[in-house]
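The block underneath contains the structure these notes are about, expressed in structure tokens.
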Amino acid sequence: MSIPLKTIIAVFSARCHGDDSSAIIEHVSIDSRSSHNGVNTLFFALIGPNNNGHVYIPELIEEGVRNFVVSYIPEGLEEKANFLVVENTLVALQKFAIYYRGLFDFPVIGITGSNGKTIVKEWLNFLLSPDFNIIRSPKSFNSQVGVPLSVIAINEKHNLGIFEAGISTVAEMDKLEPIVKPTIGVLTNIGTSHDEGFESTAQKISEKLKLFQNSEILIYKRDSRVDSLIFPQIKTFSWSFEDKTADVYVSQVKSSNHKTNIWYQFNGDTFEIEIPFEDMASIENAISCLLVLLYLKYDNATIHSRMALLYPVQMRLEVKNGINNCNLIDDSYSSDFQSLKIALDFLESQNKFQKKTLILSDIFQSGLSDEELYGRVAKLVVANNIERVIGIGETISAFKDRFVNCITYKHTADFLADFENLDFANETILVKGARSFEFEEIVAVLEQKKHETVLEINLNALSYNLNFFKAKLKPKVKIMVMVKAFGYGNGGLEIASLLEHHQVDYLGVAFADEGISLKNDGIRLPIMVLNPESTSFSSIIQYQLEPEIYTLRGLNNFLKVAEHKNLSHFPIHIKIDTGMHRLGFERNDIPELIQTLKGNSRVQVKSILSHMATSDDEAHYDFAKSQIRLFDELSLQIMTELGINPIRHILNSSGISNFPEAQFNMVRLGIGIYGVSNDPEEQKYLENVGTLKSIISQIRTIPAGDSVGYGRRFMAQKETKVGTIPIGYADGISRAWGNGVGYVMIKNKKARILGSVCMDMLMVDITEIDCVEGDDVIIFGESPTVVEIAKALHTIPYEILTSISQRVKRVFYR
Ligand SMILES: *Cc1c(COP(=O)(O)O)cnc(C)c1O
């Protein structure tokens, strides 16, 4: 895009503060971390429940960004950039998208519904891409923010748009409709999701239908709940399994062997298609796509051949363990410029390894000339610090010289033949290719053998939770995140990398070894060690870790080592015991502590801290407050007598929520970031981070009177279908969770644990569940939550999380 700032000012009727309204806007951003921000960026400072874009403006100005849409001008910045002041920055973003959409006049397919939006969008993209230059929403960008961003990515070369719109309550669709302005509407399945945001199903459907109020056609499945609500002026093109008067009547559906044949009647003839899926949701989504093709007058032969190639849509980027200690990001089903940008952003945020490799196929339908396209790709590659590029395809091979370190192959098979010579090791590899290149074969050779039991970690949820707590902090209060015990069992390094990316101020670990391993893996954030053993002081110094000092003995030992190594101003942290009675200097120790530190330049007191025993327990708030008061007093004494001004901190997660007045200069966030709260109210606002998953290894049916497992502790009263799951107490599943106490989830239904949990396995009751061997099993996650399990086992969520053994593979995704 290339739009004068003046034009945009007029679009918003905004007040503009700044000197340079002659600026030209080429790029719109809401993400302060985007590597594309620059002089020609227009940054919208959005305000969300957990984040405020205005906070990032100073650093953005430093990076060269000059144009901001704001609801207020942050103090002291009035003269530093152009500020378009509006009432609501999100509304402004939407207005801008409406204006921008108006600059283009080509068919746009708008998709909404309860389920299947993203799949239908991705499939339509695949089915139509041979004939159009398509712009589509990236991933599932379908929200009040996502839709405008998707539309703003349109450029001059596109000639078809496919956008999805999702709503969770009334009045939202009215805002999205003029942004998408669909000419062809597709309503997918209407289910129960987001029911809570509406008074009735009819209201929900009516709201969704608003997307199509100006469309030339609405494609949908005949449904008595929908029919009567459609605007009379809208033409429809409908399908049905039952109603022969629908435009397309699906007369027969036959599934077997992972395939489904679908017969349909259209214009008086019967046709057949085949799709490589068996489940009902996929069948309905495929039929929605079929109707779009029919409406666009595709012939049956083309429809038939393209539908047979539909593929499973990957809804997210997944980090997998690769061979030779590599990390693998599998995005092997699509290759277009938009999604490449997103995937490269994700790749850059992974800093386990310096070395990053991009395996990329030819890119289709970018809307740009190849010349321009590969020029842009090369720029992205440099901006995202990608060390080598492996290009596969005729076109990318022709543009090999655009890249600094690039190997190319004409075909995927050539790459596979040469694979051994490419020395993949200790690096992060992004595999990104169009469907036709069959990059799943590349993923297969690069991926380490899959494990059946995994702990999946949702990194987005972690970021979300971090922001939730950040939003509670006063300006300038720093944040230390505790990543002890492998990030509370969730995975130390990956989480530390993410936190580094989010620029938290400190990490906290329990022992020196944990810190050393983070430093060895390239983490650069300062790390405080809560419980440094005297024997580890040398390595603490060598690895630039920062010890917590809690006794005079420890202090003297550390000073000896510091003396020996001739250190100067080495950072240490002083822990005061204010009532927890675990570690720390007591009131009586303080004079000698001060005496020892006075005039000693070997060390520098970086911070003074204490830890609360009851920050989560209302019954003991008085005690908590007395701890805070004592901390304030003793830390002030140290500061005054030593004439220093260190960081002070006492709050853990529940402290942040319950004692906002005691934030001092830093807080120490632990369990909260992992999505767990002691407060059921707060719990509602946190997102689940870890999901422990396994599969069903074997299924059998036993008659009444038979037993299951060691000691015959379960006796079947009636015929019972039993599933065996390969996870046991050696993986961290407490035996107390067995024998009818606990359950797992299979197909969204509870399956009670039968008999005792074994070392490596447990058995569950699946009599009422329609499932097969190999099906997924959820041990904990959204349901049951670790909080529920902890309650039933009379312990705390911390113990459940940190008990999951290291032999359980961790898989990280966004
Ligand atoms: C573990 C720990 C924290 C974090 O506690 P949460 O309750 O998980 O937030 C903070 N400070 C110290 C000293 C800790 O040991």
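The values are calculated or read from the model by the stated rules, or taken from the named source; none is laboratory data. What you see is a predicted model; the values in this text were computed from it and never measured. Glycine gets a Cβ as well: all are built from the backbone with ideal geometry, and neighbour counts include every protein chain shown.
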Which numbered condition trips up Lys472, out of (1) outside any loop (DSSP other than H, G, I, E, B); (2) within 16 Å of the ligand (Cβ to nearest atom)? (1)
Whichever residue in the range 402-449 is among the polar types (S, T, N, Q) and out of contact with any strand residue (DSSP E or B) (no Cβ under 7 Å at 6 or more places or on another chain) and, among such residues, is nearest to Ser129 (Cα to Cα): Ser436
Being surrounded by fewer than 17 Cβ atoms within 10 Å (Cβ to Cβ), of a type outside the set (A, V, I, L, M), in contact (Cβ under 8 Å) with a residue 24 or more places away in the chain and not assigned by TED's automatic domain parsing to the domain that holds Ser332 is the requirement here; does Lys474 meet it? yes
Would you mention how many residues in the range 603-635 are of a type in the set (Phe, Trp, Tyr) and more than 14 Å from the ligand (Cβ to nearest atom)? 2
By residue number, the members of the range 268-306 that are under 33 Å from the mean Cα position of the chain (by Cα) and free of Cβ contacts under 8 Å to residues at least 60 places away in the same chain are Ile275, Pro276, Phe277, Glu278, Asp279, Met280, Ile283, Leu290
From the list Glu87, Glu75, Glu122, pick out the single residue that is closer than 24 Å to Ala308 by Cα and among the acidic types (Asp, Glu). Glu122
Which numbered condition in (1) away from the ligand (no atom under 14 Å from the Cβ); (2) closer than 21 Å to Glu427 by Cα; (3) in contact with a helix residue (DSSP H, G or I) (Cβ under 6 Å, 6 or more places away or on another chain) is the only one that Ile495 fails? (1)
Out of curiosity, is Ala512 away from the ligand (no atom under 12 Å from the Cβ), crowded, with 22+ Cβ neighbours inside 10 Å and within 24 Å of Gly732 (Cα to Cα)? no
Residue list for the range 581-597, restricted to those being on the phi < 0 side of the Ramachandran plot and either modelled with pLDDT under 95 or within 16 Å of the ligand (Cβ to nearest atom) (or both): Arg582, Leu583, Phe585
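Residues checked against (1) more than 13 Å from the ligand (Cβ to nearest atom); (2) touching a Ser or Thr at 6+ places or on another chain (Cβ under 9 Å); (3) closer than 21 Å to Arg668 by Cα:
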| site | (1), (2), (3) |
| --- | --- |
| Tyr543 | yes, no, no |
| Tyr550 | no, no, yes |
| Gly554 | yes, yes, no |
| Phe558 | yes, yes, no |
| Ala562 | yes, yes, no |
| Ser568 | yes, yes, no |
| His573 | no, yes, yes |
| Ile576 | no, yes, yes |
| Gly579 | yes, yes, yes |
Would you confirm whether any residue within the range 467-485 is at pLDDT 90 or above, out of contact with any strand residue (DSSP E or B) (no Cβ under 6 Å at 6 or more places or on another chain) and farther than 26 Å from Gly655 by Cβ? no
The one condition in (1) of a type outside the set (S, T, N, Q); (2) within 34 Å of the chain's Cα centre (by Cα); (3) buried (at least 22 other Cβ atoms within 10 Å of the Cβ) that Phe714 fails to fulfil: (2)
Are any residues in the range 183-205 within 17 Å of Ser238 (Cα to Cα) and either of a type outside the set (Val, Ile, Thr) or part of a strand (DSSP E or B) (or both), and if so, which ones? Ile184, Gly185, Val186, Leu187, Asn189
Looking at Ile725, Ile695, Ile673, Ile702, can you tell me which residue is aliphatic (A, V, I, L, M), surrounded by 22 or more Cβ atoms within 10 Å (Cβ to Cβ) and closer than 30 Å to Asp775 by Cβ? Ile725
Return the total of residues in the range 653-665 being near the ligand (Cβ under 9 Å from one of its atoms) and in contact (Cβ under 8 Å) with a residue 60 or more places away in the chain. 2
Suppose we keep only residues that are modelled with pLDDT of 95 or more and touching a helix residue (DSSP H, G or I) at 6+ places or on another chain (Cβ under 7 Å) within the range 153-162. Which one would you say is surrounded by the fewest Cβ atoms within 10 Å (Cβ to Cβ)? Leu160
Of the conditions (1) β-branched (Val, Ile, Thr); (2) within 22 Å of Pro591 (Cβ to Cβ); (3) more than 13 Å from the ligand (Cβ to nearest atom), Ile647 clears all except one; give me its number. (2)
Considering the range 768-791 alone, what residues qualify as being over 22 Å from Ile457 (Cα atoms) and either surrounded by 15 or more Cβ atoms within 10 Å (Cβ to Cβ) or within 16 Å of the ligand (Cβ to nearest atom) (or both)? Ile769, Cys771
Which condition breaks for Ser534 when tested against (1) within 16 Å of the ligand (Cβ to nearest atom); (2) over 30 Å from Pro58 (Cα atoms)? (1)
Hey, does the range 163-172 have a residue that's surrounded by fewer than 19 Cβ atoms within 10 Å (Cβ to Cβ), closer than 18 Å to Ile234 by Cβ and at pLDDT 90 or above? no
Hey, among Asp418, Asp423, which residue is away from the ligand (no atom under 16 Å from the Cβ), more than 30 Å from Gly781 (Cα to Cα), modelled with pLDDT of 90 or more and among the acidic types (Asp, Glu)? Asp418
